[in-house]
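Everything on this sheet refers to the single structure shown next.
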Amino acid sequence: MDGAIAMGLVLLAAVTAVTLLAGAIRVPYSTALVLAGVLLGHGGWVPAVALGPEVVLGVFLPILLFEASITTNAAHLREDWLPVGLLSTAGVFASAAVTAALVGWGLGLPGALAALLGVMFSITDTVAVLAVFRSLQVPRRLVTIVEGESLFNDGVTLVLFKVVLAVVVTGVFRPFDSVLDIVAVSAGGIALGALLGGLGSLVLRQARSHLSEIAVSVLMALGTYHTAERLHVSGVIAVVVAGLVVGNWAWRRALEPSSQIAMRSFWEFAAFGVNSAVFLLVGLNIHPDALLRHAPAIAACLGAIHVGRAVTVYGGFRLLARSRMRPVPGGWEHVFVWGNIKGSLTMVLALSLPAAVPQRDLVVTVTVGVVLVSLLLQGVSLGPLIARLGLVSVSGLQRAFEVQQLALIQARAAQAEIAALADAGIVSRGAFERLRSRYQVAIARAERELRRLATENPSHMDRSLEVINHRVHQVEKAAVMRALGEGLVSEEVGGEALLHLDRLLVETEPASGAERATPEGPA
């Protein structure tokens, strides 16, 4: 027991340290966690940990899917339903088929096993991609399509995965029955998800505390998945649909602002914890000698994945260009191809494979290698690619504001340091006055330019004020909570103040870096 506790503390410390370090050096934390897992596993700090399929599929997967779906804005999805639908349905089949054909030909694998790998490698994983997007100001529409495709891709791919896995294990393939199974379990999952999502939303509307609301949401995520599996319909699709119903009906329309904040924080942390666990498991289970031994197979799979994705994306976007739907700007398709980073969900499927799968060790080793290379190569290079394609939508106006704001911050920081040195007697009064005057000129110049920009562009200033107001309200809330903790105000008065501030925080919540950009972004 003590050993398990010690190992848990080591892993928690590793996750914390890696997350802080990844933010400082601007590397996707998923990539950094995999490397940390390798170091911990082969440095003797932590033994390799293997989780059973029941934990991976029954707990990890519903948490990841529910968190992604409740935070998805259905209105944005409706605007781009065609590219999202095309990539996440027909695109999945096309990508899986091309990848499977190339993997089977390149590695000499049986058709069913190659199809299993093709399906596993067709799943999209947005964790590392969105981490890159958050560090840049990419068009909101690009983020919406990426998130929407991933959400529905998960459901379609995992239905296919179960069908193909059954063929691999039993050796029996009946095409007509397989198609019927896919249609039946998908339709059943949609119906069950909508039903349980609606019932759960009604319960959430009656809840009276943050803890009960969070408990209901957790029960919905896990209960929906396992109920669907018991009824032999798609648990994945059911969870996604239930999450969409809850997120767009109960959460955004009925819950109090404080409840929305609490719910968002809980599910963000839950998804972060699951992703961290999976990425660490990837690193802990990496055996360099096995990866080197299967390096040609890993390289072949990576090539097949990119060819399959390229066929899907470029072909699909050409079809979209002939439709009457709003076209996808040029250059975006390259992001969809290179941003097809493999991550936690691909590893979840690999770790869930039963022992009855032929050549299971080879499949898992190749999958781990693909995920590792994908995270290291694509995860690190995606940001520079987006910048090189000119998709970072920092306007000239935004840049002008930021330049003057930075000049103001620098000059005021320098003045404060000079004053501290003068107070300590390190700088003479005459030198202090000369240096202070120099920076005062810089401050006056920056303030003058900011006033001019604000006068000429009031709408931009309004958006900047939203960010400032949000930050001020956070400080106000912290002050109220300190007053409550110290007993300076009653629970009734303090509670009313917190409810009011939570409402203001929701109203002034700034959009992510992607959403602050223009809706279309650079073409």
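The values are calculated or read from the model by the stated rules, or taken from the named source; none is laboratory data. Here the structure is a predicted model, which is why all the values come from computation and not from measurement. Every residue, glycine as well, gets a Cβ built from its backbone with ideal geometry; the counts of neighbours run over all protein chains shown. Surface areas here come from the heavy atoms of the whole protein model, side chains and all, with no ligands, DNA or RNA. Shrake-Rupley method; radii C 1.70, N 1.55, O 1.52, S 1.80 Å.
What the phi angles of the stretch 195-208 give under the Karplus curve with 6.51, -1.76 and 1.60, with θ = phi - 60°, is a coupling list of 5, 5, x, x, 5, x, 5, 5, 5, 4, 5, 8, 5, 10 Hz, glycine and proline written as x. Note that the stretch 273-284 has calculated 3J(HN,Hα) couplings of x, 5, 4, 4, 4, 5, 5, 5, 4, 4, x, 5 Hz, one per residue in order, obtained from phi through the Karplus relation 6.51 cos²θ - 1.76 cosθ + 1.60 (θ = phi - 60°); glycine and proline are x. Of the trypsin sites (Lys or Arg not before Pro) found in the stretch 331-435, not one falls in a DSSP loop while having at most 16 other beta-carbon atoms within 10 Å. All other residues whose Cβ lies under 14 angstrom from that of ALA411 are scored, Lys and Arg at +1 and Asp and Glu at -1, for a net of +2. Solvent exposure of ASP289, expressed as accessible area, is near 100 Å², computed with a probe of 1.4 Å over the protein chains only. Could you tell me which residue out of LEU353, ASN153, MET481 lies farthest along the dipole of the chain toward its positive end? Charges go on the beta carbon: Lys and Arg +1, Asp and Glu -1, centred on the Cα centre. Positive-most Cα among the choices belongs to ASN153. The label-point distance for GLU486 and VAL59, in a model that sets each label 7 Å from Cα toward Cβ, rounds to 4.2 nm. Along the axis of the charge dipole computed for the chain (Cβ charges of +1 for Lys and Arg, -1 for Asp and Glu, origin at the Cα centre), the listed residues ALA94, ALA446, ALA221 are led at the positive end by ALA446. From helices alone, the chain scores -25500 deg cm²/dmol at 222 nm; the rule is -39500 (n - 2.57) for each run of n ≥ 4 DSSP H residues, then divide by the residue total.
Taking the Cα centre of the stretch 316-380 as origin and charging only Cβ (+1 Lys, Arg; -1 Asp, Glu), how large is the dipole, in debye to the nearest 20? For this selection, approximately 400 debye. Derived scalar couplings between HN and Hα for the stretch 335-340 equal 5, 5, 6, 6, x, 7 Hz in order, rounded to whole Hz, by the Karplus curve 6.51 cos²θ - 1.76 cosθ + 1.60 (θ = phi - 60°), x for Gly and Pro. In terms of its C-alpha gyration tensor, the stretch 50-117 comes out oblate, because a/c is 1.5 or above while a/b does not outweigh b/c. With a simple spin-label model that places each label point 7 Å from the Cα along the Cα-to-Cβ direction, the separation between ALA191 and ALA17 comes to 5.4 nm.
Estimated from the Cβ-Cβ distance and a Förster radius of 41 angstrom, the FRET efficiency linking ARG429 and ARG451 is about 0.80. Computed over the alpha-carbon pairs of the chain, the distance histogram in 10 Å steps reads 4, 16, 25, 26, 17, 9, 4, 1, 0, 0 percent, short to long.
To the nearest 0.05, how large is the calculated FRET efficiency for LEU199 and ALA444 if R₀ is 51 Å and r is the Cβ-Cβ distance? Walk me through the numbers before you get to the answer.
Details: r = 62 Å, r/R0 = 1.22.
Efficiency for this residue pair is about 0.25.
Seen through its C-alpha gyration tensor, with square-root eigenvalues sorted a ≥ b ≥ c, the stretch 89-235 comes out oblate because a/c lies at 1.5 or above while a/b is not bigger than b/c.
Determine the shape class of the stretch 289-426: with a ≥ b ≥ c the square roots of the Cα gyration tensor eigenvalues, call it rounded for a/c under 1.5, and otherwise prolate if a/b is greater than b/c, oblate otherwise. Before the final figure, lay out each step's value.
Working: a/c = 3.98, a/b = 1.66, b/c = 2.40.
Because a/c hits 1.5 or more and a/b fails to exceed b/c, the stretch 289-426 counts as oblate.
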